[in-house]
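Please treat every number below as a calculation from the coordinates, not as lab data. Every value quoted in this text rests on a predicted model; they were computed, and no experiment measured them. Glycine gets a Cβ as well: all are built from the backbone with ideal geometry, and neighbour counts include every protein chain shown.
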């Protein structure tokens, strides 16, 4: 006869372990949001000290209006980055959606409602195609969305032949140009509504938790039953739809649909959300942080204009800030990785420890098993 040891099987990943990682991530995220907001305030005070006109009501309104269009797209781009993907076609998607919407309301003879619905459908469709190509075909997001960037831009040129589409219905221009909140237009109001909604969705709902898990560790997320492919595709569709919203708002503010709508937004959006603390590598970030990052870059650009810095040096400043933000992100992930490894180590040791030792009648105890009073107390 000999001792028969029954050892608990090595546990796989559980939702409990994902919650532990999520708590560690939230601590890092909270510090990131507070830090970027504090830096934003400090930067504004510096520009104000150099040029008091920087904090004038007219300049502040100009900053908020300018960042609102890109900020709307940043909401969707944040969801994508949290899920481990990104979209380089948002600018051309915004332009294509605006042009299609404008064409429907002018040459197509459609009503305003149908024209807006058509623009939203185009944006969502572009996002869906991006999602299917990336997720189902396995093509990297960089290649897939860059290809869509050129495709959408080309289709926009084909539809317009390089000419603006106008005149738009008066109601469209009224929506785009009216001031509804402290001299700010509908674009800023819509940004606030979308930002609050998706920020709460990301923080407080199952969708948000599963999206964090998908971007943080896709394999573990799959093992605990999360359909990571669906979450990524949905994020692409949301981003495409929000790009269409931003594009049509610009169309309304201009009073026409032009091929210039959305140009340069691709890198501006990614730069802003990364500066705001959203990780390029997935699993970290909030919508609030992404929007604050967009605002920070707009403050930098506006401040440099006010103090008389040339456009070339403005680009240098924005690029430098982005590189520093990515470096900070890498450092932050290393710190978080160390915390996560400690949690995983404690979790594995505790769950893998022998929890039951069954001895046959009259058998000699296996001396390899720790029978110390401390161990017995722990096992009880």
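Please report the relative contact order for region 61-294, taking Cα pairs under 8 Å with a sequence separation of at least 6, and give it as a percent rounded to a whole number. With pairs under 8 Å counted, the relative contact order is 42 percent. Between residue 263 and residue 314, residue separation times 0.36 nm minus the direct Cα-Cα distance comes to 16.6 nm.
Across region 127-158, the residues whose backbone nitrogen lies under 20 Å from the label position 7 Å along the beta-carbon direction of residue 197 are 127-128. If each of residue 53 and residue 206 carries a label point 7 Å out from its Cα toward its Cβ, how far apart are those two points in nm? Result: 5.6 nm between the two label points. Note on residue 171 and residue 230: their simple-model spin labels are 3.6 nm apart, each label 7 Å out from Cα toward Cβ. Once both labels are positioned 7 Å from their Cα atoms along Cα-to-Cβ, the gap between residue 113 and residue 158 label points is 3.1 nm.
In terms of the mean number of neighbouring beta-carbon atoms within 10 Å, the peptides 121-133, 183-195 order highest first as 121-133, 183-195. Quick check: from the Cα gyration tensor, does region 125-185 come out rounded (a/c under 1.5), prolate or oblate? It comes out oblate by the Cα gyration axes. The ranking of 229, 170 by Cβ neighbour count inside 10 Å, starting from the fewest, reads 170, 229.
This ranking places 292, 220 by how few other beta-carbon atoms lie within 10 Å of each, fewest first, which gives 220, 292.
Taking one quarter of the surface of the convex hull spanned by the alpha-carbon atoms of region 160-298 gives a direction-averaged projected area of 9.9 nm². Placing one equal scatterer on every Cα of region 25-116 and applying the Debye formula, the log10 ratio I(q)/I(0) at q = 0.18, 0.20 Å⁻¹ is -1.01, -1.07.
Remark on region 61-294: Rg and Dmax equal 17.1, 54 Å (Cα only). Here 148, 105 are placed in order of increasing Cβ neighbour count within 10 Å, fewest first, which gives 148, 105.
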